[in-house]
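Step one of this worksheet: look at the structure below.
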Amino acid sequence: MGLLDKLFGNKEVEYPPLPVGNDALAQLDEIKAPLEELAQKVSDHLEVVPAEHEAFVFLGKPPKSFGIAWIHDGKVTGLKEFAEEKKLSQIDVGKLIVRLGEAYQNASDAPRYSAEFGGKQMVILPSKGLEKEIHQIMANTLH
């Protein structure tokens with residue numbers, strides 16, 4: 001399969017390990033248990049945006065084909081649960097996904113690192129700009 005991966009571009013980009021002492025490492029350590037639980041439940045590629053006391057996780061292949069999970073208060077909330085909890089329509093969910101994809105693209109120049117949680121290699125995006133944009137998108141979706 002290695003040859004096919006090379007031909008069709010399925011090989012994932014390898015990023016350097018998240019440096020020791022990076023603020024993101026402390027943020028991830030705070031949400032380690034739910035992050036590891038999520039890592040063990042899903043087979044998709046994971047990209048984590050650490051934040052203060054929480055994290056946003058892009059699942060799949062952002063910015064085109066992806067889902068998102070929000071780790072907060074010691075638990076994981078998927079997009080479906082978020083939409084049900086906030087009583088979002090399908091149209092609102094679609095708009096939310098489009099805006100999150102755009103935010104992800106806006107952070108394309110942000111440094112990325114790799115880390116392992118729950119036995120799964122994942123990409124870490126310690127971007128304050130992306131974190132802020134995700135918060136704004138989610139807050140605007142609720143109003």
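Within the accessible area of the chain, the carbon and sulfur atoms contribute 52%, probe 1.4 Å, all protein chains present. Net charge dipole, the stretch 25-128: roughly 380 debye, given to the nearest 20, about the Cα centre with Cβ charges of +1 for Lys and Arg and -1 for Asp and Glu.
Given that just one value was derived from the coordinates, which of (i) 152; (ii) 121; (iii) 106 is volume of the Cα convex hull per residue in Å³? Derived directly from the coordinates: (ii). Mean-square fluctuations from a GNM of the chain, with a 10 angstrom spring cutoff on Cα atoms, peak among 17, 62, 34 at 17. Solvent-accessible surface of the chain, averaged per residue with a 1.4 angstrom probe and all protein chains in place: 60 square angstrom.
Per residue, the chain reaches -13000 deg cm²/dmol at 222 nm when only DSSP H runs of four or more residues are counted, each adding -39500 (n - 2.57). Of the residues 22, 34, 62, the one whose Cα sits farthest towards the positive end of the charge dipole of the chain is 62 (charges of +1 on Lys and Arg Cβ, -1 on Asp and Glu Cβ, taken about the Cα centre).
Karplus-based coupling profile of the stretch 85-92, in residue order and whole Hz: 4, 9, 6, 8, 6, 4, 5, 4, with θ = phi - 60° in 6.51 cos²θ - 1.76 cosθ + 1.60 and x standing for Gly or Pro. Summarising the strand pairing of the chain, around 90 percent of its internal DSSP beta bridges are antiparallel.
Quick one: which of 41-50, 96-105 comes out on top by average Cβ neighbours within 10 Å, and what's the full order, highest first?
Order by mean packing, descending: 41-50, 96-105.
Using the Karplus relation 6.51 cos²θ - 1.76 cosθ + 1.60 with θ = phi - 60°, the per-residue 3J(HN,Hα) values for the stretch 42-52 come to 10, 9, 5, 4, 10, 10, 10, 10, x, 9, 5 Hz, with x marking Gly and Pro.
The values are calculated or read from the model by the stated rules, or taken from the named source; none is laboratory data. These numbers were taken from a predicted model, which means no experiment stands behind them. Here Cβ is always computed from backbone atoms with ideal geometry, including for glycine, and neighbour counts include all displayed protein chains. Surface accessibility is based on the protein's heavy atoms, side chains included, excluding ligands, DNA and RNA. Shrake-Rupley method; radii C 1.70, N 1.55, O 1.52, S 1.80 Å.
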